[in-house]
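Data first, discussion second: the structure below is written as structure tokens.
The values are calculated or read from the model by the stated rules, or taken from the named source; none is laboratory data. Bear in mind that the values here come from a model prediction, so they are computed numbers and not experimental data. Methodologically, a virtual Cβ is constructed for each residue, glycine included, from the backbone with ideal geometry; neighbour enumeration extends over all protein chains shown. Note: accessible area is taken over every heavy atom of the protein model, side chains too, but ligands, DNA and RNA are not part of it. Shrake-Rupley method; radii C 1.70, N 1.55, O 1.52, S 1.80 Å.
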Amino acid sequence: MKLIQLNIWGGRLGDQLNDFLSSEKPDILCLQEAIDLDRGRGALFTTIGEIREVVGAEYYYMSPAFSFNFMHRKAHFGNCIISKLPIATQETMFTGREYEVDFDWTKHTQNIRNLQHVQLRLPKGELLHIFNHHGHHNYTDKNGGDETVRQCAMIADKIKATSGKKILTGDFNLVPRSASLKPINNLLRNLTAEANLSTTRTVLTKMTETCDYIFVSEDVEVKSFMPSDALVSDHMALIMEF
């Protein structure tokens, strides 16, 4: 089974993104900065509906941080899990601020954060927990601060409260050995840290930090893990087979 983690940068690189996903054929996609647009295609960016068509995935769960008006339609911006496996349960937990139904780019902060949690039904009936998060952006330090410590502690508590196989993905806006990530690192295998990735950013940004992650519980059998060199965003896609 193949899972891809990716901050898709609002779907700016639509053709490259679609070609990449069509080639990789993931079973599960965990996305940040995704846009779900009411009534069809976005023209200026790739939407969740288009990505589902490309991947051939029936199931998805969108957890918008905020929504805004786009060409007389409503656009929803946030985290999304797309799956070829049925979603048995789904929930969204806000870790920072609250959902903005009518986001104003001149008034509101984009630092609205949530954690998605779904249970996917595997072919033999077993349930798999998938968590997906876009971390608080501390603009001055990728080691984080009090707010990232608080939000990561919330995520760790949620993970501890669940039983069974677990996968946590996301752009955490934190470097691997930050104090903020410690409670999560103590619970799950950090595949990004184990692979000693020097960066998870691309040439489309001046940023060079490692900030994108796939974490797994010990009972998830990882067959391979690697970053992709396909240029589909200002972040690298992380690919795991398990």
Query raised in the report: Most mobile of 13, 44, 31 per a Gaussian network model of the chain (Cα springs, under 10 Å)?
Result: 44
Query raised in the report: Can you give me the relative contact order of the chain as a percent, contacts being Cα pairs under 8 Å and 6 or more apart?
Result: 20
Query raised in the report: Points 7 angstrom from Cα along the Cβ direction at residue 87 and residue 203: gap in nanometres?
Result: 3.6
Query raised in the report: Of the accessible area of the chain, with the probe set at 1.4 angstrom, what percent is carbon plus sulfur?
Result: 49
Query raised in the report: Which GluC sites (Glu not before Pro) does the range 122-199 hold that lie in a coil by DSSP with at most 12 other beta carbons within 10 Å?
Result: 126
Query raised in the report: Expressed in nm to one decimal, what extension gain is obtained for the pair residue 16 and residue 193 from 0.36 nm per residue of sequence separation less their Cα-Cα distance?
Result: 61.0 nm
Query - Set of lysines with alpha-carbon distance to residue 206 below 20 Å, sequence-local pairs under 8 removed - result: 142
**Report entry** Nitroxide proxy distance, nm - points 7 Å out along Cα→Cβ at residue 24 and residue 140
**Finding:** 3.5
Query raised in the report: For the pair residue 1 and residue 72, how long in nm is the line joining their label points, each one 7 Å along Cα→Cβ?
Result: 4.3
Query raised in the report: Hey, what did the range 103-150 get for relative contact order, percent, Cα under 8 Å, at least 6 apart?
Result: 29
Report summary line: Computed over the range 183-242, protein heavy atoms only, probe 1.4 angstrom, the accessible area per residue in square angstrom equals 47
Query raised in the report: Excluding same-chain residues fewer than 8 positions from residue 124, which lysines have a Cα within less than 23 Å of its Cα?
Result: 2, 25, 84, 165, 166, 223
Query raised in the report: For the range 27-118, which GluC sites (Glu not before Pro) are both in a DSSP coil and crowded by at most 15 other Cβ atoms within 10 Å?
Result: 58, 98
Report task. Tell me what the chain gives for mean residue ellipticity at 222 nm when only DSSP H runs of n ≥ 4 count, each as -39,500 (n - 2.57), the sum divided by the residue total, rounded to 500 deg cm²/dmol. Result -> -5000 deg cm²/dmol
Query raised in the report: Out of the range 62-131, which trypsin sites (Lys or Arg not before Pro) are coil in DSSP terms and have no more than 10 other C-beta atoms within 10 Å?
Result: 107, 124
